[in-house]
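Enquirer: The structure is given below, and queries will be raised subsequently.
The values are calculated or read from the model by the stated rules, or taken from the named source; none is laboratory data. These numbers come from a predicted model, not from an experiment. Here the Cβ is made from the backbone with ideal geometry for all residues, glycine too, and neighbour counts use every protein chain on show.
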Amino acid sequence: MKSFIIKITEHLQNETTQDGLRNIFRDILTGTTLMSVLAASATWLLKECNILAWLTLPLTLLLLFLIFFWGHYSIQTAVNKIMPSKSKISSLCVMLFVSAFQLSILFSIIRIISSQ
C-alpha cells in the first residue's frame, strides 16, 4: 500500500501529469460555464417570453451538444496523455464523469432560475 502511494505521488510530480490535470480542470470549467450560460438564457427566455424561447431552443440545444462533445474530446485527450489507455472503458468513464458533472450544474441552474 505504501509503495502504491509513493508511485502515485511520483506520478503527480511529473510535469506532464500536472499539465494534463490543469487542462482537464480548465476544460471542465470552461465547458460547464458555457453550457450554464446557454441553459440559463434558454430557461429565462422560456419563462419570460414563451414564443421566443421555442424559436431559439433548437440552436441552444445544438450548441449545448457541441460544447459537451468538445469537452469530452478535450478531456479524453488529456486523460490519454496522463494515463495512456486505448480502452473503451476509459472513454466511457470520462464521458460519464463529464456528463454527471455538467448535468448536475445545469439542473441546479435551471431549478434556481425557474423557481424565482
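Enquirer: Quick check: is even one residue across the range 57-66 surrounded by 12 or more Cβ atoms within 10 Å (Cβ to Cβ), touching a residue at least 24 places away in the same chain (Cβ under 8 Å) and within 13 Å of residue 27 (Cα to Cα)?
Expert: Taking every residue of the range 57-66 in turn, none turns out to be surrounded by 12 or more Cβ atoms within 10 Å (Cβ to Cβ), touching a residue at least 24 places away in the same chain (Cβ under 8 Å) and within 13 Å of residue 27 (Cα to Cα).
Enquirer: Also, quick follow-up: Hey, can you tell me all the residues within the range 82-92 that are modelled with pLDDT of 80 or more and surrounded by 14 or more Cβ atoms within 10 Å (Cβ to Cβ)?
Expert: Scanning the range 82-92 gives a single hit, 82.
Enquirer: Kindly evaluate residue 35 against the criterion of being of a type outside the set (S, T, N, Q) and within 18 Å of residue 114 (Cα to Cα).
Expert: In short, yes.
Enquirer: So which residues in the range 57-107 are aliphatic (A, V, I, L, M) and within 9 Å of the chain's Cα centre (by Cα)? Walk me through it before giving the result.
Expert: Start the filter on the range 57-107 by keeping residues that are aliphatic (A, V, I, L, M), which leaves 57, 59, 61-64, 66-67, 75, 78-79, 82-83, 89, 92, 94-96, 98, 100, 103, 105-106.
Of everything in the range 57-107, those that are aliphatic (A, V, I, L, M) and within 9 Å of the chain's Cα centre (by Cα) turn out to be 67, 75, 95, 98, 100, 103.
Enquirer: Sticking with this one: So residue 48 passes all but one of these: (1) acidic (Asp, Glu); (2) closer than 20 Å to residue 114 by Cβ; (3) within 11 Å of the chain's Cα centre (by Cα). Which condition number does it fail?
Expert: So the condition that residue 48 fails would be (3).
Enquirer: All but one of (1) touching a Leu at 6+ places or on another chain (Cβ under 9 Å); (2) in contact (Cβ under 8 Å) with a residue 60 or more places away in the chain; (3) more than 21 Å from residue 91 (Cβ to Cβ) hold for residue 32; state the number of the condition that does not hold.
Expert: (3)
Enquirer: A further question follows. Scan the range 93-116 for residues that are at pLDDT 80 or above and farther than 18 Å from residue 68 by Cα and jot them down.
Expert: Hits for the range 93-116 are 111, 112.
Enquirer: Now for a different question. Sort out which residues of the range 37-55 are surrounded by 15 or more Cβ atoms within 10 Å (Cβ to Cβ) and hydroxyl-bearing (Ser, Thr, Tyr), and write them in order of number.
Expert: 43, the sole residue that qualifies.
Enquirer: Ok, one more. For a quick check of your reading of the model, give me the residue pairs whose first member lies in the range 5-19 and is surrounded by 10 or more Cβ atoms within 10 Å (Cβ to Cβ), whose second is at pLDDT below 75, with beta-carbon atoms closer than 9 Å and at least 6 apart or on different chains.
Expert: So the pair list comes out as 17/11; 18/12.
Enquirer: Considering only the range 45-59, state which residues are within 19 Å of residue 102 (Cβ to Cβ) and either modelled with pLDDT of 85 or more or in contact with a helix residue (DSSP H, G or I) (Cβ under 6 Å, 6 or more places away or on another chain) (or both).
Expert: 59
Enquirer: Here is a further query. Taking the range 58-116 on its own, how many of its residues are in a helix (DSSP H, G or I) and either β-branched (Val, Ile, Thr) or farther than 15 Å from residue 37 by Cα (or both)? So that I can check it myself, show each step before the final result.
Expert: Narrowing the range 58-116 to residues in a helix (DSSP H, G or I): 58-82, 88-114.
Pick out the ones that are also either β-branched (Val, Ile, Thr) or farther than 15 Å from residue 37 by Cα (or both) and you get 58, 60, 67, 69-82, 88-101, 105, 109-110, 112-113.
Counting residues in the range 58-116 that are in a helix (DSSP H, G or I) and either β-branched (Val, Ile, Thr) or farther than 15 Å from residue 37 by Cα (or both) gives 36.
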